[in-house]
């Protein structure tokens, strides 16, 4: 490329226009007294004016932020209360069982049954309240739940059977219902599976 070519001598560029000061402020103006710059930066107005902001230029928003104090004018106790309330989003709270809509005990504070508000009738429809009030603890061996109780029934044993009795009964039933002991009849497989599951349940619960 020949930089001394006459072509370069004929190239002309458009002279740069002087910047119009009014064109720079095409939006909100800085709200600092006497400033004519654009107010592109928001700054909170402070406590009691949540959601409201000043509009400042970059220089004045920096100055404002350096001196901003949300708790200005509040005592130490008031600041502590505010910070405590902020944990729950400044919403009202109550001790458990004392707020609006709290349930009530039948028969006073020492009643055994606790009645909850049920505006949709969920508990009433399911019969939970009726069962809780009328259902007595099932008699039997302490610590035996419904699953273990069913397992004892499958093995044909009482809930009071000890581990030796449970193991002996299990071995006896396996020999009786195993397909090999019934000429290969596969109809006994379901019963065999049921016996094995019942024994494993009792073993896991410490009853075998």
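Miscellaneous remarks
- Stretch gain in nm, segment residue 178-residue 162, where the contour uses 0.36 nm per residue and the Cα spacing is subtracted: 3.3 nm
- Relative pair counts by distance (%), Cα atoms of segment 146-204, 10 Å bins: 24, 53, 21, 2
- Where labels lie 7 Å past Cα in the beta-carbon direction, separation of residue 91 and residue 79 in nm: 2.8
- Between residue 187 and residue 153, full extension at 0.36 nm per residue minus the direct alpha carbon distance yields a gain of 10.2 nm.
- Burial order of peptide ranges 193-205, 61-73 (average beta-carbon count within 10 Å, highest first): 193-205, 61-73
- Efficiency of FRET from Cβ geometry, residue 59 and residue 14, R₀ 30 Å, rounded to 0.05: 0.40
- Pair residue 31, residue 68: separation of 7 Å Cα→Cβ label points (nm): 1.1
- Its residue count N fixes a reference of 2.2 N^0.38 Å for segment 22-67, and the Cα radius of gyration divided by that reference is 1.15.
Values in this text are rule-based calculations from the coordinates and carry no lab data. Computed from a predicted structure; not experimentally measured. Cβ: placed from backbone, ideal geometry, glycine included. Neighbour counts: every protein chain shown.
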